[in-house]
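Everything below concerns the one structure shown next.
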Amino acid sequence: MLGRVDLVFVHNPEYHGHGLDRTALHWRMREAFTALEEFSQAGRIGGYGVATWTGLTSEAFTVPELLALARQAAGPAEHHFMGLQMPVSLIMDDLIRRALGGGGPLVQAKDAGLITFGSAPLHGGELLEAMTPELVNFIRPGLSAAAAALLTAGSCPGLDVVLTSASTREHWDDAAKALAAPLTVEELRRVTDELAAE
């Protein structure tokens, strides 16, 4: 049996609600949140959140709607909705662009006090094929393609955690070194503007 878990994610609810309208999907999510609130209030989990691939970009739900569902699930008590995970990469860069503009789900989540997680920073490895030596050098000279891709995701305003893995200690050290010195907002904006112009 597992001990206490710090954070549990409802994973891709937009896919489990396939064929449902938004009202029905939100009802099902509130039911899940209600169960997770019971676990939180019993001390079995620290809190919960949503991990989504397209839910926020397809507008199946918004950050304010998720928070409203959590408040409804908690009733008179304080809710335990505390995290939001979404893909953040140069392939799915809409969230980066919106955050650079001071809006979008990442900024809304951060403003609400949620912990924000960026998943798929290499887009399942697909991004590495697009990371030309010129692009890597434009992002930051001397980095590997993977480190440059991670750096852009990790520099996104409003993002607390970049979820990544490494197959070797060398890859891990490469990623950690890149993420230790994030791009400035201006540098990241130059990268996204350059890619938009191509």
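A few comments on the model shown:
- Stretch gain in nm, segment GLU194-LEU128, where the contour uses 0.36 nm per residue and the Cα spacing is subtracted: 22.0 nm
- Global geometry of region 41-84, whether rounded, prolate or oblate, following the gyration tensor of its Cα atoms and the 1.5 cut on a/c: oblate
- Scoring 29-35, 42-48 by mean Cβ neighbours within 10 Å over their residues and listing the highest first yields 29-35, 42-48.
- Loop-resident sites, region 54-105, for GluC sites (Glu not before Pro), counting at most 15 other Cβ within 10 Å (DSSP): GLU59, GLU78
- Pair-distance profile P(r), taking every C-alpha pair of the chain, with 5 angstrom steps and integer %: 1, 8, 15, 18, 17, 14, 11, 8, 5, 2, 0, 0
- Put a dot 7 Å past the Cα of ALA112, heading toward its Cβ, do the same for GLU65, and the two dots end up 1.1 nm apart.
- Stretching THR168 away from ASP21 to a fully extended chain increases their span by 48.5 nm, per 0.36 nm per residue minus the current alpha-carbon distance.
- Phi to ³J(HN,Hα) by Karplus 6.51 cos²θ - 1.76 cosθ + 1.60 over region 92-100, Hz, x for Gly, Pro: 9, 9, 4, 5, 5, 4, 5, 5, 4
- Sites THR184 and ASP160, calculated FRET efficiency, Cβ-Cβ separation with R0 22 Å, nearest 0.05: 0.80
- Rounded, prolate or oblate (a/c below 1.5 giving rounded, otherwise prolate when a/b exceeds b/c) for region 1-112 by Cα gyration tensor: prolate
- Count Lys and Arg as plus one, Asp and Glu as minus one, and take only other residues whose Cβ is under 13 Å from that of PHE33; the net charge is then -1.
- Protection proxy ranking, highest mean first, for peptides 145-152, 173-180, 161-168: 145-152, 173-180, 161-168, where packing is the per-residue count of other beta-carbon atoms within 10 Å, averaged.
- Amide H partners (placed H, <5 Å) of GLY83, local residues excluded: TYR48, GLY49, VAL50, ILE115
FYI, it's all coordinate maths here, none of it is from the lab. What you see is a predicted model, and the numbers here were worked out from it, not measured in a lab. Positions of Cβ are generated from backbone atoms using ideal geometry, with glycine treated the same way; all protein chains shown enter the neighbour counts.
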